[in-house]
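Before any comments, here is the structure.
The values are calculated or read from the model by the stated rules, or taken from the named source; none is laboratory data. This structure is a prediction, so every number in the text was calculated from the model and none was measured. Glycine gets a Cβ as well: all are built from the backbone with ideal geometry, and neighbour counts include every protein chain shown.
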Amino acid sequence: MYRVDRFLALGALLASIALFINSSGLNAKEQMHHGQLGSGFWPMLLLGLIALGSLALTVRSFRTGPEALLPSKSGRPLKVAALMGFTFFYAWCIQVMGFLLATPFFLLTLLYALGMRQVLVLICVPLGLTGVLGLLFLKVFALPFPLGHGVFRALHLWVL
Amino acid sequence: MLEALATGFGALLDPLNFLILFGGLVVGILFGTIPGLSGVMAVSLLVPFTYGMTPTHGLLAMAAIYCASTYGGAMTAILFRIPGSPENAATTFDGYPMTQQGRAAEALGTAIICSAIGGLASCLVLIIVAPVLAKAVLAFGDPEYFALVAFGLSVVPSLGVKSTLKGLLSALMGLFLATVGLSAMTGLPRFTFGVGYLYSGLHFIPVMIGLFAASEVFFRSEQVVSHGEETFRSKAALPNIRSLLRLRWTILRSSLIGVIIGMLPGTGTVIASILGYNEEVRWSKHPEKFGTGVIEGVAAPETANNAATGAAMIPLLTLGIPGGAITAVMLGVFEIHGLEVGPGLFANQADMVYTIFAGMVLVNLLIIAGGLVEVRTMVRVLDIPYAVLGPIILVLCAIGSYAIRSNVVDIYAMFAFGVIGYIMKRYDYSITAMVLGLILGPIAERTFLRSMLLFDNNVLTFFTRPISGVFLVLAALSFILPFLRKHPHVLRSVAEAWRGNGRGQAVTKEAESSLGP
């Protein structure tokens, strides 16, 4: 049992209660035949069980003495948080800049952030991988990758 | 059946089919071997490529990756104590001590041979049993399907989770996530909160790529994998016939365990390998030696996890229920190409099905040859720093998610589930249980509600119908037994209470008889 389990379990408990209330309104919206189970039955059943489970976990975490609770596993949470944030930024960039332009910048930044300092790798991997993937997916499989907006779109079309 | 199988083998003579099979083998071993990559990731990333392929080519490549990746992870498990994939975790117990004793070649050779034998055993069962099951499955109605899904989900407490409660919560959350979107029964939107993307529900492929692959990159970027200073023997010498014969009972037992566990929907190769190892310890005359470098400790999990691969295809092809994560992705490929899995598949697509079967047989034979050749190459690939591998995997994850529906929001969803997966992994929640819930959830809901509608909300129907009754009893046993094994004091106190009660009744009877009529 970790210290953070208290918050996770409590969060799950509150969310399941809120969603349970939300799903109770589902059956009211439907014109069901007499005795027929509505769309809300199954999620309500699951949310009820999740609420019970998270309640049990919350109680257990509070009953466990603070000295018995494990601290978070050691690591580099800031580095991981930055990496996670950057991946979301990459998804946004794919929309705005298009796949072919966003990917090399993403790869280059991430390689550098993860400690890669060899110039050859920093150049070859982003350009090479984007080139190979672009060729495969856009040309061979004709997958409609996002081309971006405005000038980026024009640039993409020129490259293609 | 033999004619269809012969046609299947004949189709493999087509150079393109063979090339795809060989490519799948190489990719599978590569993804199985490299820590952070897995067979699930390989087949997930292959999904976009299958758009441009015929269903036979796509599924052939996936089947090859499936078989090869299950074996591939054994290499790093034995040499570096890093299981390439979770199903190779049990291989590290005795494989790594063998490397430390300078017996790496023996361990690798045994792993190669046992993987191939296990895989071939499962193919044999797949070829013989699958068509029979396909006919038997026609007796399955909604209550039977629901009971089967319940049986699949009942494995959650045995999934190797550190906390049963956390495992159950993960599975329930997966089941709940499957309810997002339009209700299959009434068409009413549920938990969409006005977000257009959610109306079609969460597609399980971006969710799975996020939970398995992206979370792994996040996790690995935190804990940099060190290869250590272990010496690597580039040549994997095959064990001789004598040593193989010595392992015959181990191989037979583990093949049987692998096939049975693999056939059960929702179990997969991880449990098969761990159970294979456990049974080997239980049957051994020297159980105390396990963990110190016993060859049976490598043979058992490697045979069992490969034996589960072909068997896991049985519920997929005959019932449309994936046996594990990889077969779940394969189900997606069937959907992409508009193929309906189930008994009809054997009648309508016999050529394709038997080509896949034949491909799996050939892959298991190629594992022996390919395994030996690839040992050298693997060392070099393993030397690629994770700083390079991690970003490449993330880009492939993004493509794999986007390609499903050409929707950028799927990339956001994939990364979001990557974060969720990272948190789950960090705090010992079960990603596998969540994915199982997500996959089995829609089937469970649909079949349960339909059964209720058909049988006037009579829950007893599930127990009065023989097949569903048997599955539900098995599900209850499979659910309770691991819990009792984890908490033996519960069983002991129940037994004591039972004994006490019996004694009490006996005393009462004695007293009554002494009083006379």
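Might you check whether a residue that is β-branched (Val, Ile, Thr), closer than 14 Å to residue B:152 by Cα and surrounded by 24 or more Cβ atoms within 10 Å (Cβ to Cβ) occurs anywhere in region B:297-314?
Yes, there is a match, as at least one residue in region B:297-314 is β-branched (Val, Ile, Thr), closer than 14 Å to residue B:152 by Cα and surrounded by 24 or more Cβ atoms within 10 Å (Cβ to Cβ).
Output the number of residues of region A:104-118 satisfying the condition of being buried (at least 17 other Cβ atoms within 10 Å of the Cβ) and within 8 Å of chain B (Cβ to nearest Cβ).
So in region A:104-118, the residues buried (at least 17 other Cβ atoms within 10 Å of the Cβ) come out as A:104, A:106-108, A:110-111, A:114, A:116.
Pick out the ones that are also within 8 Å of chain B (Cβ to nearest Cβ) and you get A:106-107, A:110-111, A:114, A:116.
Going through region A:104-118 one residue at a time, the tally reaches 6.
Mind listing just one residue for me: the one in region A:139-160 that is within 11 Å of chain B (Cβ to nearest Cβ) and among the aromatic types (Phe, Trp, Tyr) and, of those, farthest from residue A:88 (Cα to Cα)?
Result: A:141.
I'd like the full set of residues that are in contact with an Asp or Glu (Cβ under 6 Å, 6 or more places away or on another chain) and over 26 Å from residue B:167 (Cβ atoms), limited to region B:437-463. Show your work before the answer.
The initial filter retains those residues of region B:437-463 that are in contact with an Asp or Glu (Cβ under 6 Å, 6 or more places away or on another chain), namely B:447, B:450-451.
Within region B:437-463, B:450, B:451 qualify.
Scan region B:185-194 for residues that are more than 9 Å from chain A (Cβ to nearest Cβ) and in contact (Cβ under 8 Å) with a residue 12 or more places away in the chain and jot them down.
The answer is B:192, and nothing else.
May I ask you to say which residue of A:136, A:101 is more than 10 Å from every other protein chain (Cβ to nearest Cβ), part of a helix (DSSP H, G or I), out of contact with any Lys or Arg (no Cβ under 9 Å at 6 or more places or on another chain) and more than 15 Å from residue B:389 (Cβ to Cβ)?
On the way: A:136 fails: more than 10 Å from every other protein chain (Cβ to nearest Cβ).
Every option except A:101 fails the conditions.
With the structure loaded, tell me whether residue A:122 is part of a helix (DSSP H, G or I), within 26 Å of residue B:53 (Cβ to Cβ) and either facing chain B (nearest Cβ under 9 Å) or modelled with pLDDT of 85 or more (or both) or whether it fails that test. Spell out the reasoning first.
Numbers: part of a helix (DSSP H, G or I): yes; within 26 Å of residue B:53 (Cβ to Cβ): no; either facing chain B (nearest Cβ under 9 Å) or modelled with pLDDT of 85 or more (or both): yes.
In short, no.
Conditions first: (1) surrounded by fewer than 24 Cβ atoms within 10 Å (Cβ to Cβ); (2) at pLDDT 85 or above; (3) touching a His at 6+ places or on another chain (Cβ under 7 Å). Residue B:404 passes all but one, so which condition is the exception?
(2)
Looking at residue B:449, is it in contact (Cβ under 8 Å) with a residue 60 or more places away in the chain and closer than 19 Å to residue A:90 by Cβ? Outline the logic, then answer.
Details: in contact (Cβ under 8 Å) with a residue 60 or more places away in the chain: yes; closer than 19 Å to residue A:90 by Cβ: no.
So residue B:449 fails the test.
Run down B:433, B:413, B:403 and say which single residue is among the small types (Gly, Ala, Ser) and over 29 Å from residue A:39 (Cβ atoms). Before you say what the answer is, go through the steps one by one.
Values: B:433 fails: over 29 Å from residue A:39 (Cβ atoms); B:413 fails: over 29 Å from residue A:39 (Cβ atoms).
After applying the criteria, what remains is B:403.
For region B:273-296, what are the residues that are β-branched (Val, Ile, Thr) and buried (at least 17 other Cβ atoms within 10 Å of the Cβ)?
Filtering region B:273-296 down to residues β-branched (Val, Ile, Thr) leaves B:274, B:281, B:292, B:294-295.
If the condition is that a residue be β-branched (Val, Ile, Thr) and buried (at least 17 other Cβ atoms within 10 Å of the Cβ), then B:274, B:281, B:294, B:295 are the ones that fit.
Of all residues being more than 20 Å from the chain's Cα centre (by Cα) and either surrounded by 14 or more Cβ atoms within 10 Å (Cβ to Cβ) or within 11 Å of chain B (Cβ to nearest Cβ) (or both) in region A:6-15, which is nearest to residue B:172 (Cα to Cα)? Just the residue, please.
Of region A:6-15, the ones more than 20 Å from the chain's Cα centre (by Cα) are A:6, A:10, A:13-14.
Next, only the ones that are either surrounded by 14 or more Cβ atoms within 10 Å (Cβ to Cβ) or within 11 Å of chain B (Cβ to nearest Cβ) (or both) stay: A:6, A:10, A:13.
On the way: A:6: 18, A:10: 16, A:13: 13 Å.
Here the answer is A:13.
For region B:429-465, give me each residue that is buried (at least 17 other Cβ atoms within 10 Å of the Cβ), over 17 Å from residue A:41 (Cα atoms) and polar (S, T, N, Q).
B:430, B:432, B:461 - these are the residues of region B:429-465 that are buried (at least 17 other Cβ atoms within 10 Å of the Cβ), over 17 Å from residue A:41 (Cα atoms) and polar (S, T, N, Q).
So which of B:167, B:119 is within 23 Å of residue B:305 (Cα to Cα), out of contact with any strand residue (DSSP E or B) (no Cβ under 9 Å at 6 or more places or on another chain), modelled with pLDDT of 85 or more and within 13 Å of chain A (Cβ to nearest Cβ)? Quick ask: steps written out before the conclusion?
Details: B:119 fails: within 13 Å of chain A (Cβ to nearest Cβ).
Residue meeting the stated conditions: B:167.
Being part of a helix (DSSP H, G or I) and within 14 Å of chain A (Cβ to nearest Cβ) is the filter here, so list the residues in region B:28-60 that pass it.
B:45, B:46, B:47, B:48, B:49, B:50, B:57, B:58
Would you say residue B:432 is more than 7 Å from chain A (Cβ to nearest Cβ) and at pLDDT below 85? Walk me through how you get there before you give the answer.
Numbers: more than 7 Å from chain A (Cβ to nearest Cβ): yes; at pLDDT below 85: yes.
Here the answer is yes, as residue B:432 does meet what is asked.
Which residues, counting only those in region A:17-41, are within 8 Å of chain B (Cβ to nearest Cβ) and at pLDDT 90 or above?
Listed by number, the list holds a single entry, A:19.
So which residues in region A:110-126 are over 17 Å from residue A:94 (Cβ atoms) and of a type in the set (A, V, I, L, M), if there are any at all?
So in region A:110-126, the residues over 17 Å from residue A:94 (Cβ atoms) come out as A:111-125.
Result: A:111, A:113, A:114, A:116, A:119, A:120, A:121, A:122, A:123, A:125.
So residue B:301 clears everything in (1) under 20 Å from residue B:243 (Cβ atoms); (2) without any contact (Cβ under 8 Å) to a residue 12 or more places away in the chain; (3) in a helix (DSSP H, G or I) except one condition, right? Which one?
(2)
Any chance you could count how many residues in region B:457-491 are in contact (Cβ under 8 Å) with a residue 40 or more places away in the chain and among the charged types (D, E, K, R)?
Looking only at that region, the number is 2.
Could you tell me which numbered condition residue A:129 fails, if it satisfies all but one of (1) touching a residue at least 12 places away in the same chain (Cβ under 8 Å); (2) more than 9 Å from chain B (Cβ to nearest Cβ); (3) hydrophobic (A, V, I, L, M, F, W, C); (4) within 22 Å of residue B:404 (Cα to Cα)?
Single failed check for residue A:129: (2).
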